[in-house]
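Asks: Have a look at the structure that comes next, please.
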Amino acid sequence: MASGTLPPFPTKLFINNQYVDSASPVRLTVVNPYNETPIPYEAHAASASDVDAAVAAAKTAYKTSWASFSPAQRRACMLKFADLVERDAERLAILESLPTGKPVTPTMQFDIAHMVEVWRYYAGWTDKISGESYPESNGVYKIVRHEPLGVCAGIASWNATFMYIGWKIAPAVAAGNCFIFKPSEKSPFGTLALGALFAEAGFPPGVVQILNGGAEAGAALAGHMDIAKISFTGSLGGGKAVQEAATKSNLKKVTLELGGKSPAVVFADAEVERALGGVCGFLFNSGQVCVATSRVLVQKPLFEKFTQGLKSAFEQTSSTLGADPLDKNVSYGPIVDKAQFDKIMSYIAIGKQTATLLTGGERKGDKGFFIKPTIFVNPDPESPIVKEEIFGPVMVVQTFETEEEAIALANASVYGLAASVYTSNIDRALRVSSALECGGVAVNSPFLPQVNTAFGGIKASGKGRELGIYGLLEYTEAKSVHITLDVPKL
Ligand code: NAD
């Protein structure tokens, strides 16, 4: 399918299982980053009163319909939803691809496939959320229950929205909560199309609702007195605002999945082809990935060979850039919008002053927000291209001599999301993975989220965890019940 011809899709808010007009006249307009033409549809933007309406519907559903569903009934809805997403995968991928430029094929093969897997995984948890019990001591018998929280909310960035829908909504509803999700104003259509699928899957009205909107709608969710928990994926600044609004309102629980400047540490004993393949995974979604290894640390003896390998792989990718992301043969797309494009180009300008440009360093073509995959080597260690998250196809390569130096360089960041270590020495792999300050480390591959392990960051990359049992328990609160027994005295 070519950009320009579109299947019909919803543009209103999804509240109480219906698409409804927003109370506010504000509409979201988006531009196709492939050809810079406006997409001829506008999404309704939620106001604070729309947020109130969704919260009221969620409160009712939480106490009535969803509470009355057995774990098996909840599981059935979740599994049906996953099946429906698979059925509609291509249409959903097109709706997500149009405003973001993320090509449909990787969107289907990675984002949507992962989302489906996550819904099926958490469907299996609905009847396995157990607690603990302790034997009587001093006449008191003790039980700990993991209870749902009530109404929860999620706010997401645009770069992999379908994945965040899995990470946030699936564990929440599996545990018995109701959920309000706000996608980014840059990617309103794909998420909204899921509303009809939630209804078709049998979720009662109010259990899952979708509100489009920008920072104002996000702030209304973060500051709402009747929302018990919010999970935010986005920038450090947005995360701080959400944390502050949560603190100032009802001290709701907060999970923050924020930015990164993730290192890949490549030792001279690494299997070079494998390490090159893994490090080049950085270019997935044109580097607009939170865990992308934007800093590559290479041990000196391997530096020349490795950087030449990177250069030719980046140039090969660059030669494919410029095609329509809706074409199923396309793997690499443009940058999401003009603002992000300009931000990346400004970092490239800084890089040219503070490092050696190995390849790239300019836009490709004069239409569409395409940027040639770029590598800077030997940067000034204090340069913003080393210190700050760029969120685009700009990689910085530094060298090191010893393991200690590599660890110090890798940890010299305010962020702590993910890291990769490439080595054939298992002792070193274990030592270094333990010394790295981050939430997840991959050995001999890029760090990718897995359905059953914890995902999240430390330091300025956030707090709390998604995926696995860790992500599930974030949507419950432990309640202790102490039962005093009349124990006969011996
Ligand atoms: P952003 O912070 O601008 O926006 C993210 C979301 O927050 C959007 O839905 C936006 O409307 C909303 N928002 C903005 N200001 C808000 C406020 N004051 N209150 C409430 N909501 C608000 O981020 P972005 O540009 O969309 O995304 C890129 C960032 O997201 C990068 O820093 C990237 O690393 C990060 N990210 C992190 C992860 C992760 O899992 N750690 C995943 C993807 C992206």
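The values are calculated or read from the model by the stated rules, or taken from the named source; none is laboratory data. Computed from a predicted model, the values in this text were never measured in an experiment. Counting neighbours? That spans all protein chains shown, and the Cβs are built from the backbone with ideal geometry, glycine included.
Asks: From the list 366, 427, 380, pick out the single residue that is within 20 Å of residue 307 (Cα to Cα) and among the acidic types (Asp, Glu).
Replies: 380
Asks: Kindly evaluate residue 41 against the criterion of being modelled with pLDDT of 95 or more and of a type outside the set (A, V, I, L, M, F, W, C).
Replies: It is false that residue 41 is modelled with pLDDT of 95 or more and of a type outside the set (A, V, I, L, M, F, W, C).
Asks: Being of a type in the set (Phe, Trp, Tyr), under 23 Å from residue 257 (Cα atoms) and either modelled with pLDDT of 95 or more or in a strand (DSSP E or B) (or both) is true for just one of 198, 162. Which residue is that? Write out each step before concluding.
Replies: Values: 198 fails: under 23 Å from residue 257 (Cα atoms).
None of the others qualify; the one that does is 162.
Asks: Mind checking which strands (runs of 3 or more DSSP E) fall wholly inside region 379-458 and carry at least 1 residues that are farther than 30 Å from residue 123 by Cα and in contact (Cβ under 8 Å) with a residue 40 or more places away in the chain?
Replies: 394-400, 418-422
Asks: For the list (1) over 19 Å from residue 191 (Cα atoms); (2) in contact (Cβ under 8 Å) with a residue 12 or more places away in the chain; (3) of a type outside the set (Lys, Arg), I need the number of the one condition that residue 115 fails.
Replies: (1)
Asks: Could you tell me which of the residues 346, 318, 331 is free of Cβ contacts under 8 Å to residues at least 12 places away in the same chain and outside any strand (DSSP E or B)?
Replies: 346
Asks: When region 205-233 is examined, which residues are found to be surrounded by fewer than 20 Cβ atoms within 10 Å (Cβ to Cβ) and more than 22 Å from the chain's Cα centre (by Cα)?
Replies: 205, 225, 226
Asks: Between residues in region 358-373 that are crowded, with 16+ Cβ neighbours inside 10 Å and residues that are of a type in the set (Val, Ile, Thr) and assigned to a loop (DSSP other than H, G, I, E, B), which pairs lie under 8 Å by C-beta distance while being six or more apart or on different chains?
Replies: 369/335; 369/336; 370/335; 371/335
Asks: Being buried (at least 21 other Cβ atoms within 10 Å of the Cβ) and farther than 12 Å from residue 291 by Cβ is true for just one of 432, 443. Which residue is that?
Replies: After ruling out the rest, the residue left standing is 432.
Asks: Could you please tell me which pairs satisfy a Cβ distance under 6 Å, a separation of 6+ or placement on different chains, a first residue in region 56-80 that is of a type outside the set (Asp, Glu), and a second residue that is in a helix (DSSP H, G or I) and crowded, with 16+ Cβ neighbours inside 10 Å?
Replies: Pairs that qualify, where the first residue is of a type outside the set (Asp, Glu) and the partner is in a helix (DSSP H, G or I) and crowded, with 16+ Cβ neighbours inside 10 Å, are 75/123; 78/119; 78/123; 79/123.
Asks: Right, next: Looking only at residues in region 160-199 that are within 12 Å of the ligand (Cβ to nearest atom) and either charged (D, E, K, R) or surrounded by fewer than 24 Cβ atoms within 10 Å (Cβ to Cβ) (or both), which one is nearest to residue 77 (Cα to Cα)?
Replies: So the residue we want is 168.
Asks: Against the condition away from the ligand (no atom under 16 Å from the Cβ), within 30 Å of residue 136 (Cβ to Cβ), out of contact with any His (no Cβ under 8 Å at 6 or more places or on another chain) and not charged (D, E, K, R), how does residue 481 come out, does it pass? Reasoning before the result, please.
Replies: Details: away from the ligand (no atom under 16 Å from the Cβ): yes; within 30 Å of residue 136 (Cβ to Cβ): yes; out of contact with any His (no Cβ under 8 Å at 6 or more places or on another chain): yes; not charged (D, E, K, R): yes.
Criteria met by residue 481.
Asks: If you don't mind, there's one more thing I want to ask. When region 300-348 is examined, which residues are found to be more than 17 Å from residue 102 (Cα to Cα) and either touching an Asp or Glu at 6+ places or on another chain (Cβ under 7 Å) or at pLDDT below 95 (or both)?
Replies: 300, the sole residue that qualifies.
Asks: Of all residues in region 113-158, which are within 16 Å of the ligand (Cβ to nearest atom) and touching a helix residue (DSSP H, G or I) at 6+ places or on another chain (Cβ under 6 Å)?
Replies: Correct list: 114, 115, 118, 152, 153, 154, 155, 156, 158.
Asks: Still on this model: For region 1-98, please list each of the strands (runs of 3 or more DSSP E) lying entirely inside it that holds at least 3 residues being under 23 Å from the mean Cα position of the chain (by Cα).
Replies: Answer list for region 1-98: 27-32.
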